[in-house]
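Structure, as structure tokens:
Every number here is computed from the coordinates shown, using simple stated rules; none is lab data. Since the structure is predicted, the reported quantities are computational estimates derived from the model, not experimental observations. Positions of Cβ are generated from backbone atoms using ideal geometry, with glycine treated the same way; all protein chains shown enter the neighbour counts.
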Amino acid sequence: MKKRTINIGVTGLNAIDSPGPGVPVIRALRESTAFDVRIIGLSYEAMEPGIYMHDLVDKTYQLPLPSAGQQALLARLEYIHAQEKLDVIIPNFDAELFNFIQLANVLKSNYNINVFVPTLEQFEARQKVNLYEYGKKHGIDVPKSKTIFSVKDVYSLEQEFEFPYVIKGKFYDAIIVYSTDQAVAAFHRIASKWGLPIIIQEFVEGQEVNVTALGDGQGNLIGAVPMRKQYITDKGKAWSGISIDDDKMLQMAKKLIQSTKWRGGLELEIVRTDDEKYYLLEINPRFPAWVYLAVGCGQNHPEALVRMAMGETVAPFEKYDVGKMFVRYSYDMIVNLNEFEKISINGEL
Amino acid sequence: MSIKKNIAISESGFIFDPSTGNSFTTNPIGLEILQLIKEGREQNEIKKHITAGYHVDDNTFEKDFYDFISTLQQLKLTVENEKKND
């Protein structure tokens, strides 16, 4: 029997050393047993590799940068929808999520485009600047944190934080600092890239472990796979990892999704200390770039998300394979100049 | 002391701890000792088994066995057996 075809717009097509989740999400969708897909890539820059992966992406359109605002995004999506009849959009960048969350209702009511994302309240509550309070509220250990707005504040931190501590940007980046001089330099480096405020976080030593998970918006955990990073790049990204059997991590994901009624994909970044304590470092409000490991372990989270976005009820996954590894690699594609020209000039390819 | 129940030990000497994701390798003698511990054999039994099969005196075995056990403990591959009340 022929499967139905769903037209899905996917962002996050970048695949540099801090890769976006778009390409692995697309690979997961292409392996769906429930539906066929036509993938519409949504890019921000002409050098995003996913644009040129024609075996994965059927057509790509450039989007205006998130800073251009919701109306610019809506106008562009209206144009894309007229060409492609989008059924679902999966945004994969933290920085664009605010706009997509705000537009979700309009996209549904005016164009019947389904966007399965957290509510604005869920999105804001887990922001790095709020995470310490968020952990307290939901009974989860979070390293002590403080938000600062001026480099002057760095000089008074010694009274509250012991070295080393971590300086973090509001969206990305984290630098461990061992002295006030290093802290000042890190403050400027991150502030110039990601703006203010800056988050100061107590440094917790231990193994870096992560969970990729999916909530249905009703408080049910649809799927979760814990992973330990095996090889970490100088940007702190997992270049290889392995699925592990850790009930405490699964319980943390379940607790968070139950108590927040989280809607959509998310990633928990956790440190597990030698004495088996778990500290939540971050909640990323979308699938991680390693989400394809979950597919390899028997849980196709992107497929489940699309089914929920289309209004289906999805039963929670009950198991996953432990000891499955992912090993990332880089791959040089040869691209004809006329393709680069098309995406650069016309904004579509 | 015994090896944690969930630790996977392959015939090639590859050891995998599914709760941490850590993996290790051991040589054939290490593998043999691990399997004996997993079977619940006491140190004396293991000593008899190894000294009968390999050219090693009791003192050297005990020293190496102690080092091996310490390594297993450091790697968190072991659990202490619960003491039974008489």
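Per-structure values
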{"item": "Hits among aspartates and glutamates - C-alpha to C-alpha of residue A:319 under 14 Å, sequence gap 8 or more where chains match", "result": "A:245, A:246, A:247"}
{"item": "Most positive-pole-ward Cα, A:176, A:115, A:192, against dipole of the range A:109-209 from beta carbon charges", "result": "A:115"}
{"item": "Exposure proxy order (Cβ contacts within 10 Å, fewest to most) of A:30, A:76, A:286", "result": "A:30, A:76, A:286"}
{"item": "Rotationally averaged projected area of the range A:144-202 (alpha carbon convex hull; nm²)", "result": "3.2 nm²"}
{"item": "Positive minus negative residues near residue A:114 (Lys, Arg vs Asp, Glu; Cβ under 10 Å)", "result": "0"}
{"item": "Shielding score for B:20-26, defined as the mean number of other chain Cβ atoms within 10 Å", "result": "5"}
{"item": "Per-peptide average of other Cβ atoms within 10 Å, ordering A:52-58, A:310-316, A:116-122 highest first", "result": "A:116-122, A:52-58, A:310-316"}
{"item": "Dipole magnitude (debye, nearest 20) for the range A:194-273, charges at Cβ of Lys, Arg, Asp, Glu", "result": "220 debye"}
{"item": "Listed residue (A:201, A:37, A:232) projecting farthest to the positive dipole end of chain A, Cβ model", "result": "A:37"}
{"item": "Inter-chain shielding of A:315-322 (mean C-beta neighbours from other protein chains, 10 Å cut-off)", "result": "1"}
{"item": "Cut-off 10 Å between beta-carbons: net charge of the residues surrounding residue A:125, Lys and Arg +1, Asp and Glu -1", "result": "-1"}
{"item": "Peptide ranges A:190-202, A:144-156, A:2-14 listed from the most packed, as the mean C-beta count within 10 angstrom indicates", "result": "A:2-14, A:190-202, A:144-156"}
{"item": "Length gained when the stretch residue A:2-residue A:144 is fully extended (0.36 nm per residue, less Cα-Cα span)", "result": "45.8 nm"}
{"item": "In range of the label at residue A:55: residues from the range A:1-45 whose backbone nitrogen is under 11 Å from the point 7 Å along Cα→Cβ", "result": "none"}
{"item": "Test item: Cα-centred dipole of the protein assembly as shown, Lys/Arg +1 and Asp/Glu -1 on Cβ, debye", "result": "1300 debye"}
{"item": "Part-to-part distance (alpha-carbon centres) for the range A:284-349 and the range A:202-216, which is given in Å", "result": "20 Å"}
{"item": "Contour minus Cα-Cα distance for residue A:235 and residue A:47 (0.36 nm per residue)", "result": "65.7 nm"}
{"item": "C-alpha center-to-center spacing [the range A:242-259, the range A:17-86] in angstrom", "result": "30 Å"}
{"item": "Cα-based reach from residue A:108 at 19 Å (exclusive), listing lysines while leaving out same-chain residues under 8 positions away", "result": "A:85"}
{"item": "Space enclosed by the convex hull of the alpha-carbon atoms of chain B, per residue, Å³", "result": "106 Å³"}
{"item": "Cα-projected label distance for residue B:79 with residue A:133, points at 7 Å along beta-carbon direction, nm", "result": "4.2 nm"}
{"item": "Relative contact order of chain A, pairs being alpha-carbon contacts under 8 Å that are 6 or more residues apart, as %", "result": "18 percent"}
{"item": "Counted charge near residue A:51, where neighbours are those whose Cβ lies closer than 12 Å (Asp, Glu -1; Lys, Arg +1)", "result": "-3"}
{"item": "Contact order relative to length of the range B:2-79, as percent, for alpha carbon pairs under 8 angstrom and 6 or more apart", "result": "30 percent"}
{"item": "Cα-centre dipole for chain B with unit charges at Cβ (Lys and Arg positive, Asp and Glu negative), debye to 20", "result": "280 debye"}
{"item": "Taking A:222, B:9 and counting other C-beta atoms within 10 Å, the order from fewest to most", "result": "B:9, A:222"}
{"item": "Cα long-axis angle, helix A:94-111 against chain A (0 to 90 degrees, to the nearest 10)", "result": "40 degrees"}
{"item": "Principal semi-axes in Å for the range A:225-312 [√(5λ), Cα gyration tensor, largest first]", "result": "22, 17, 12"}
{"item": "When the protein assembly as shown is reduced to its Cα atoms, the Kirkwood hydrodynamic radius in Å", "result": "24.2 Å"}
{"item": "Relative counts (whole %) of C-alpha pair distances in the range A:1-100, using bins that are 10 Å wide", "result": "16, 50, 29, 5, 0"}
